[in-house]
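The values are calculated or read from the model by the stated rules, or taken from the named source; none is laboratory data. The shown structure was predicted, so the numbers you read here are calculated from the model rather than taken from an experiment. All Cβ positions, glycine included, derive from the backbone under ideal geometry; neighbour counts span all protein chains shown. The area values use the complete protein model at the heavy-atom level, side chains included, leaving out ligands, DNA and RNA. Shrake-Rupley method; radii C 1.70, N 1.55, O 1.52, S 1.80 Å.
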Amino acid sequence: MWEGQIREIVFSIMVKIYVDADACPVKNEIERIATRHNLETYLVCDGGIRPPLNPLIQLVVVNQGADAADDWIADHIGRADICVTNDIPLAGRCLKEGAFAIKPNGNTYTNDNIGMALATREIMEGIRATGEMTGGPPPFSKADRSKFLDRMEMIVQKARKS
């Protein structure tokens, strides 16, 4: 009986959440999940975010640079950790480390879909480089927030079992 509880505590301490936090719309939801599951969480940004009062949540402010937050996350994330990001190359780097990657809208990056996501990103960059307007992502919705919470719960459970 005690063995299962001790194992759950040890695994929950080991799993960490890393958030590409500058434009992340689900920081409050991540804090709720981190608190519920006792998960150490890092909000990584280049400034402008108020430090959280929750002792499980650490604010990491990196130098302003194109990929400074991404580099910090990729350098610290480990197997079975969770990365919350919209950044496809960062998600790919995290997956290579054996981590999980999820977008704030609840869509997940996996080893099966990251190649296509990177290729599509590159194609869209090429189109934008020609001056063509491609539009942006759809507005963030309540349904996205709900999907994120559901998927994040599933990922936390998978991470604990990894």
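Before moving on, here are some points about what is shown:
- Label-to-label distance, nm, for residues given as I127 and A143 (7 Å Cα→Cβ offset): 2.2
- For the chain, carbon and sulfur atoms together expose 54% of the accessible surface, with a 1.4 angstrom probe and every protein chain in place.
- Restricting the range 68-105 to trypsin sites (Lys or Arg not before Pro) that sit in a DSSP loop and have at most 16 other Cβ atoms within 10 Å of their own Cβ leaves R79.
- Linear extension gain, T35 paired with A68, 0.36 nm per residue minus alpha-carbon span: 9.2 nm
- When its C-alpha radius of gyration is set against 2.2 N^0.38 Å (N residues), the chain gives a value of 1.08.
- Placing unit charges on the Cβ atoms only, positive for Lys and Arg and negative for Asp and Glu, gives the chain a dipole magnitude near 580 debye about its Cα centre.
- Label-point separation in nm, N113 to S162, each point 7 Å along Cα→Cβ: 1.6
- Net charge over other residues, Cβ less than 14 angstrom from the Cβ of D75 (K, R count +1; D, E count -1): -3
- Cα-based equivalent ellipsoid, the range 25-81: semi-axes from gyration tensor eigenvalues, Å: 20, 15, 9
- Accessible-area order (highest first, 1.4 angstrom probe) of the listed residues D71, D112, D150: D112, D150, D71
- log₁₀ of I(q)/I(0) at q = 0.12, 0.22, 0.32 Å⁻¹ - the range 57-109, Debye sum with one point per alpha carbon: -0.24, -0.81, -1.28
- If you take the Cα centroid of the range 21-81 and the Cα centroid of the range 124-149, the two points sit 22 Å apart.
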